[in-house]
Amino acid sequence: MPNSVAIASDAVLALSGISKRFGPVIALQNIDFDLQAGEVRALLGINGAGKSTLVKILSGLYHKDGGEIRIAGARVELGSTSAARQAGIASVQQHPELVESLTGYENIYLGTEGSGGILGRLDRKALQQRALELVARFGLTVDLDQPLGQMSAVEKEAVAILQALALDEIKVLILDEPTSVLTEREKDQLFGIVAAVKARGIAVIYITHRLDEVFEVADSFTIFRGGRVITTRSVADSGLRVLEIAELMLGTDLAAVYPDRAQVAGNEVVLAMQGLTLPGAFADVALEARRGEILGIFGLLGSGLDELSKTLFGVFRPMSGTIQLNGKPVGFTSPECAIRAGIFLVPGDRKTEGLTLERDVAFNTTLARLSRVTRAAFLRFRQARQDSAALADKVELSPRNTYLPLSAFSGGNQQKVVVAKGLFAEADVYIFVEPTVGVDIGARAKIYALIRELSRRAAVIVMSSDAEEAYGLADRVMAFHQGRVSLQADAIDTTREVLLAAGLSGAAQ
Amino acid sequence: MTMRTHSMASMGAGLPKLHTLLRYGLFFVLVALFIGFALAHPIFSTWGNVASMWRTASIAGLMFIGLTWVIASGEMDVSFMEVAALSGMVFAFQLQAGASPAAAVGVAMLCGAGIGVVNGLLVGYLAFPSLIVTIATAGLARSFAAILGGGQPIYINDSGVVGHFADAVVWGMPIIGIAVVLVYLLGWFVQERRLFGHYLFAMADNRRAMEQVGVPCKPIVFSLFVISACGSALAGIILASSLDSGQPMIGNSFFLDGLTAVLLGATVIRFGKPNIIGTAIGVCILAIMVNGLALLGMPNFMREIFKGVLLLIGVAIAVTAAPKSKSI
Amino acid sequence: PLDAVAQEKSYKFALSLGWTEGESGQHLDRGYRDAVAAMGGELTVADASYDAKRQSDQIDAFVQSKPDALFVTASDPAAIAPAVKRAIDAGIPVFAADSLIPGVAVTSTAMSNNFGMGEYSARFIAEKLGGKGKIALVDLPANETWDLRAHGLRWALRQYPDIEIVGTWSYNSTGATTPRAGVESLLTAHPDIQAVWSAWDGAAMEGALAIRAAGKDGVFTTGIDGGKQVFTHINSDTGVALSMAQSFYEMAQLNVYYAHEVLAGRKAPRIITTPVYAVTKDVLKGEVPDDYDVPGRAQQLGWQRAL
Amino acid sequence: MSKAIFQRPVQLSLGRVVTILLLVAIYVGAVVFFASANERFLSWSNGQSILRHMSASGLAALGLTFVIIVRQYDLSFPWVASFGGMTTGFLIAQGFPLAAAIVGGLAASLVFGAINGIAVGLMRLPDIITSIATGSIAFGLAYLYSNGVSIYDNFLTSGILSLNDARIAGVPLPPLLFLGIAIACWVLLERTRFGRAFHATGENRTSAYYSGIRVRSYVVASFCICALLATLAAILVSAGGGQADVRMGANLMMPAYASVFLGTAVFGRTGIPATVAGTLFMSTLLNGFNVMGVPFYYGDAIVSGVLILALSIANPVIHAHVRAMSDLLRSRDSRGA
Ligand SMILES: Nc1ncnc2c1ncn2[C@@H]1O[C@H](COP(=O)(O)OP(=O)(O)OP(=O)(O)O)[C@@H](O)[C@H]1O
Ligand SMILES: Nc1ncnc2c1ncn2[C@@H]1O[C@H](COP(=O)(O)OP(=O)(O)OP(=O)(O)O)[C@@H](O)[C@H]1O
Ligand SMILES: [Mg+2]
Ligand SMILES: [Mg+2]
């Protein structure tokens, strides 16, 4: 391939013919890819397109099956994480591994604290000093002195990035879905970091499912589909907009992501609350959820929305206020009570709150309503199998095999199972928290459609830190700011921008 | 950007005053116990008795020092008692067979360390679950120890230098006691001032994170098990010479006492994490209890009950006082 | 006289019991307490639950309190010997019961004739089998004194060449395997066993239960120690045919008595052999006396001293 | 009807099948070996002894299985069993009828199970420390009834001996009891919603909680079941020995853990069948060597060796090495060709 050799002369990173397969699955096929110094490149693609695999090869976590990697023109073998780091590639994985009990600066310099091997001296003063310098170099503000366990998500992300940047001679920084757990405001901080990194001539590979971010942060983007590179374009020249990019990612015309809105008028109130207060989280919250419509609540992480959802679900007990279900006052002491009364929470953190990853689809989907598949406490396995298979069809699970453990599904498909589990619970009120975090655009449309369908027979509340989602999906919207409702309106009467502003600033229009 | 001065233990950085008090709670228990027994029995606080308790505590302390770190690193070692028994038996066996004391100590240490090497290889390098592995190697050690003596103790006529070392006294203080205090000080230094200590605590938290940045976790785990076994082996040898016999079963009391001392010790200083000073305090409390209750003529089972209650209260305080999130 | 009594009252005694579990431990414990109460002095007691290491620590604690005399029943005589030696070196007279403490010159030891008990019970079995048959033995080699019993058995059996020992099972002090399991495997490997000689009553009783459960009528066991539990077995025909009942209470009494003697400047015998009674169903006549080893009581019961 | 139903489970991997077959092969090999060493090994009377031995340690292992399934450890059950067993012994000695005495002993141990469960499940105290503490207390309390002396009054007459000695259709009672309880536990764990809840609690406690499962109750329940079954085991031991003594539970610990882990290592998942297989395997091996006249102290080495072997067979790192090695060999072959 003469072409790639020519490019390699001025590219800081050049890949040619990279391939990787996992058993029968071809994750990457003959990938050519190059990157200039100081370039921010977004990697786009639906779940399973091969982005993470490429990144893991570059970080030395996976071994490539074939192809070659050049850094600043020199051919390198990235056989291990340390080899990759030595070659100047620093990566921040989608879920960075950090040590919660150590402080920020201890994490940053973990493994590079000093000389003398494991019996070497631990000089905390010197580490602090180095950390201060590092932070100053990129113009950041973060308290690196607290244990990671007490940090916010963006602070942790910053620590992970700083850990990567702390290497000498770093040429390429890889960020795999860094924003998936961040709030809007935190996102801006992160983009600031990316800009600072870029300014120092470091190339950045940036993976995201949030297409709007591409225009904010990237210079160029590469679209992956089925383990191949479909196209690489410059953001400035391409003229492509979100919808067109999405079409390229899916390889088909993108149907509207959000389903049609419902008729709002005259629906029966199922869940109502007044003056709900949980100290330290939210105060004086009043809202109504009606059958037949979707209530979308937008709020940043840390705005108290998560606690609100868990209070409605019986996890937390409110200090004051009332909750009424179908006109009757209720007070739940546990999710069990809530589920029995007809409220179901589809939690935001599917891996820890939503699923038993070791178990199969049937186990997971039926878990919240075992009474539907038991007779006198005895399980009816055939029934469970049939029900879960029907649900798998309904949510278009892929692969459609109810015997597979959840750990074998991609994030988007795992999320579909969480939704299926909710469907099986047959509640009157559904609360979805961050229903599409890390889910690709195809799966997302399916999940939205399912939520809409659900809203025909139940009251649905969707809580999201994505204003676009909260607005696009809902019939009525609310914004939540620092534990208080800052906006409440019918969706058609307001705009995405208003909702976003109310959630970010608390200024009610 | 703010940087507060860093406190000794990172976990404790944000804890309020009450916790600082609780952090030294076990130390107060030790002092209170000592004063209590001293008031209850005139002999208790005499120097001779203190020296005798010191000697007892030293042997246990030697056996539990490595265990402390193993548990602090998130692993488990339940083979320490059997390692001590095996080394003691090998030591006695060698002496009986006519070996010189030095050779006997050497062989006995090798055997004990050998169990540690097996533990370390299986857990550190092959990622076997440590509790199960050490249950198994404990069984192996127990069998070997018993096989050596045909299931019976092996008696020692003269343990030579080792015996002298175990009994020797300078300025009224047992030499072995002084030696073990020095070992603990060294251990404290390594734990607090060297990367080894830093890493071993972090390992309990997220080993994958450390491996990704190239911290040699496997060698660390390996050496933790070897250190644990060496300490136990040495303790076993000293024990054998002080009992003039290798005992295939040193007595189950060491097993529960070891875990109790380490876990009780975890309620101090590093608050929730086993650490060397905590273990030292725990060992002292247990030694004081054996001695004091014997002097007072209390039945042995009272000690078990008292020990259990103390441990339960200690852990309950440590857990309820620690900052926590909503528990399910 | 009066003066002497006042003097005696202020004696401080320490008692280190190797075990209190089991009737032997209880009889010893009671014997010491009763004797000190009757003869004068103050007694501090510690027990070690068969743990030699702990007993050694407890003796060390006692050494510090400098009692006028130390009484010891050994969990493992050899293992506590160094601690006992420290007591003697500190000038404390030591009185041992139940077993010899090897290599240490204690002031006085009160114990049964262990060799004799083994010999007697072996003869009993041989006679009962008519001088011919297969037997198994459960022994206690961990402790030199207790091992004497098996020596006695082997010595006795020299005179009965047609008695064959087909299996041996040795108990270890941790009890990782119960004597019952030991006897069960002996019975499995050698179904033709006619009697099981046991070095102590615990094995004789559990062995008898194992034999009964295996449906082997007529196979019997013998044991050593005595006490209510084994007497109940003998009376109820569970299969225990003989127990060599030792006088633990008396051993303790003798220890305390000679402690007073020595403290009063008189001499104590180095070793005292206490009575042993060969208890069979005929001897018991339906009774289960708990106090047979209180001096004088056996005569009242009409028991003959066997050793 | 959906096509999803008809896809077969893919989870019983080849490695797992090989592991199980290997264990079966070892078992059969051992039996053949013992039988050739001593023809009495295969006798019915010896079969009974294996079954009897299995019963007591197996009962404790069954109880422990529940605790392991909810991903906790219990180091107190041997002492709790001693305490419960001593309570039963005490009640028998006091002249209570056997059933009442057993119920009393079980109730006493249930108190400790509940304390463990509440401390660990509700108060979220660390399981290992808590159970060491409660174990110490239970052990101390076991001495209270008789100062540590074995209790035997009324044992010969109360009928407790027949717990161990009785037969039904020629089969000794203990194995029948064990089998019955094992089946009941299996049905509970694998065939009912409660079992689902135990498993879900262990595998992902948070997700189980959000699915409306009372996770704390299940943790408490598992500690209670563990205490009860261990006590039952101790009562069997005491029925065999004709007395209750304070150490009767002490020897339940290691065999129970070894059985559960052996089973787990081989089957890849903790469960009743795994535990029963582990128990049977170890009891057979121990008995075989016993019958051969190998001294008891080889037993631990045998159990340990088997445990390490089982772990090795199931170990993913070793699997990876073996795979890498065979790949290497294959690539050499192809290059050579
Ligand atoms: N460890 C693995 N074992 C087997 N198959 C894998 C493994 N990792 C990835 N794959 C497969 O490789 C393909 C590419 O996966 P990859 O994780 O790179 O996708 P991705 O683009 O990062 O998706 P996502 O957006 O979900 O993160 C998928 O089909 C996946 O099934
Ligand atoms: N060990 C594995 N065996 C088989 N398939 C795997 C394995 N690990 C990952 N995969 C596959 O890789 C794909 C992507 O995995 P990955 O872990 O990147 O998902 P994810 O990052 O959680 O998804 P998302 O990006 O949507 O959050 C999935 O389709 C999954 O089936
Ligand atoms: Mg990915
Ligand atoms: Mg992903």
query: Got at least one residue in segment A:412-419 being within 16 Å of ligand 1 (Cβ to nearest atom), of a type in the set (A, V, I, L, M, F, W, C) and within 14 Å of chain D (Cβ to nearest Cβ)?
result: yes
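Scanning for something more than 16 Å from ligand 4 (Cβ to nearest atom), crowded, with 17+ Cβ neighbours inside 10 Å and facing another protein chain (nearest Cβ under 10 Å), does segment A:150-162 turn up at least one residue? Talk me through it step by step, then tell me what you get.
Here is the first cut: in segment A:150-162, the residues more than 16 Å from ligand 4 (Cβ to nearest atom) are A:150-156, A:158-159, A:161-162.
Filter once more, keeping what is crowded, with 17+ Cβ neighbours inside 10 Å: A:151, A:154-156, A:158-159, A:161-162.
If we keep only those that are facing another protein chain (nearest Cβ under 10 Å) too, we end up with none.
So far as segment A:150-162 goes, no, none of its residues is more than 16 Å from ligand 4 (Cβ to nearest atom), crowded, with 17+ Cβ neighbours inside 10 Å and facing another protein chain (nearest Cβ under 10 Å).
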- request: Consider only pairs whose beta carbons are under 8 Å apart and that are at least six residues apart or on different chains; among these, list those whose first residue lies in segment A:47-59 and is more than 16 Å from residue A:413 (Cβ to Cβ) and whose second residue is in a helix (DSSP H, G or I) and more than 11 Å from ligand 2 (Cβ to nearest atom).
  value: A:58/A:84; A:59/A:81; A:59/A:84
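Quick one: count up the residues across segment A:345-360 that are of a type outside the set (Lys, Arg) and more than 8 Å from chain D (Cβ to nearest Cβ).
Of all residues in segment A:345-360, those of a type outside the set (Lys, Arg) come to A:345-349, A:352-358, A:360.
Within this subset, residues satisfying the condition of being more than 8 Å from chain D (Cβ to nearest Cβ) are A:346, A:348-349.
Counting residues in segment A:345-360 that are of a type outside the set (Lys, Arg) and more than 8 Å from chain D (Cβ to nearest Cβ) gives 3.
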message: Are there helices (runs of 4 or more DSSP H) fully within segment A:220-339 with at least 2 residues that are within 20 Å of residue A:468 (Cα to Cα) and at pLDDT below 80? List them.
response: A:242-250
- prompt: Name the residues in segment A:410-430 that are of a type in the set (Gly, Ala, Ser) and either without any contact (Cβ under 8 Å) to a residue 12 or more places away in the chain or away from ligand 4 (no atom under 15 Å from the Cβ) (or both), would you?
  reply: A:420, A:422, A:425, A:427
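Looking at segment A:195-231, which of its residues are polar (S, T, N, Q), touching a residue at least 24 places away in the same chain (Cβ under 8 Å) and within 16 Å of ligand 1 (Cβ to nearest atom)? Quick ask: steps written out before the conclusion?
If we filter segment A:195-231 for residues that are polar (S, T, N, Q), which is where we start, we get A:208, A:220, A:222, A:231.
Still in the list and also touching a residue at least 24 places away in the same chain (Cβ under 8 Å): A:208, A:220, A:222.
Scanning segment A:195-231 gives A:208, A:222.
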message: Report every pair of residues separated by at least 6 positions or lying on different chains whose Cβ atoms are under 6 Å apart, first residue within segment A:20-40 and within 14 Å of another protein chain (Cβ to nearest Cβ), second acidic (Asp, Glu) and within 16 Å of ligand 4 (Cβ to nearest atom).
response: none
- prompt: For segment C:49-79, how many residues are touching a strand residue (DSSP E or B) at 6+ places or on another chain (Cβ under 7 Å), more than 7 Å from chain B (Cβ to nearest Cβ) and free of Cβ contacts under 8 Å to residues at least 40 places away in the same chain?
  reply: 1
- prompt: Condition test on residue C:161, is it within 10 Å of chain D (Cβ to nearest Cβ), over 29 Å from residue D:250 (Cβ atoms) and surrounded by fewer than 21 Cβ atoms within 10 Å (Cβ to Cβ)?
  reply: no
message: If I ask for residues that are at pLDDT below 60, within 17 Å of residue B:277 (Cα to Cα) and more than 8 Å from every other protein chain (Cβ to nearest Cβ), which ones from segment B:1-52 would you list?
response: B:7, B:8, B:9, B:12
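Tell me, please, whether a residue that is at pLDDT 85 or above, farther than 29 Å from residue C:167 by Cα and within 14 Å of chain B (Cβ to nearest Cβ) can be found in segment D:315-323.
Taking segment D:315-323 and keeping what is at pLDDT 85 or above, we get none.
Within segment D:315-323, not a single residue is at pLDDT 85 or above, farther than 29 Å from residue C:167 by Cα and within 14 Å of chain B (Cβ to nearest Cβ).
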message: Between A:170, A:174, which is within 16 Å of ligand 2 (Cβ to nearest atom) and farther than 24 Å from residue A:125 by Cβ?
response: A:174
- request: Scan segment A:46-100 residue by residue and report those that are in a loop (DSSP other than H, G, I, E, B), modelled with pLDDT under 85 and either more than 16 Å from ligand 3 (Cβ to nearest atom) or more than 26 Å from residue A:440 (Cβ to Cβ) (or both).
  value: A:79, A:80
field: Close pairs from segment B:140-168: first more than 16 Å from residue C:171 (Cα to Cα), partner of a type in the set (D, E, K, R) and assigned to a loop (DSSP other than H, G, I, E, B), Cβ under 6 Å, at least 6 apart
entry: B:156/B:244
- request: Out of the residues in segment A:430-448 that are aliphatic (A, V, I, L, M) and within 14 Å of chain D (Cβ to nearest Cβ), state the one that is nearest to ligand 2 (Cβ to nearest atom).
  value: A:433
field: From the options A:66, A:117, A:111, A:45, residue that is small (Gly, Ala, Ser) and within 16 Å of ligand 2 (Cβ to nearest atom)
entry: A:45
task: Could you check residue B:163 against (1) modelled with pLDDT of 95 or more; (2) away from chain D (no Cβ under 14 Å); (3) crowded, with 17+ Cβ neighbours inside 10 Å and say which number it fails?
output: (1)
- line: Residues of segment C:174-208 being part of a helix (DSSP H, G or I) and at the interface with chain D (Cβ under 7 Å from one of its Cβ atoms), in sequence order, are C:180, C:181, C:184, C:185, C:188, C:189, C:205, C:206
statement: Residue hits (segment A:175-217; within 16 Å of ligand 3 (Cβ to nearest atom), within 14 Å of chain B (Cβ to nearest Cβ) and assigned to a helix (DSSP H, G or I)) are none
statement: Scanning segment A:218-227 residue by residue, those surrounded by fewer than 22 Cβ atoms within 10 Å (Cβ to Cβ) and away from ligand 3 (no atom under 16 Å from the Cβ) turn out to be A:219, A:220
message: Which condition from (1) more than 16 Å from ligand 2 (Cβ to nearest atom); (2) in the same structural domain as residue A:232 (by TED's automatic domain parsing); (3) of a type in the set (A, V, I, L, M) is the one that residue A:205 breaks?
response: (1)
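The values are calculated or read from the model by the stated rules, or taken from the named source; none is laboratory data. This is a predicted model, so every value here is computed, not measured. Using ideal geometry, Cβ is built from the backbone for each residue, glycine included, and neighbour counts are taken over all protein chains shown.
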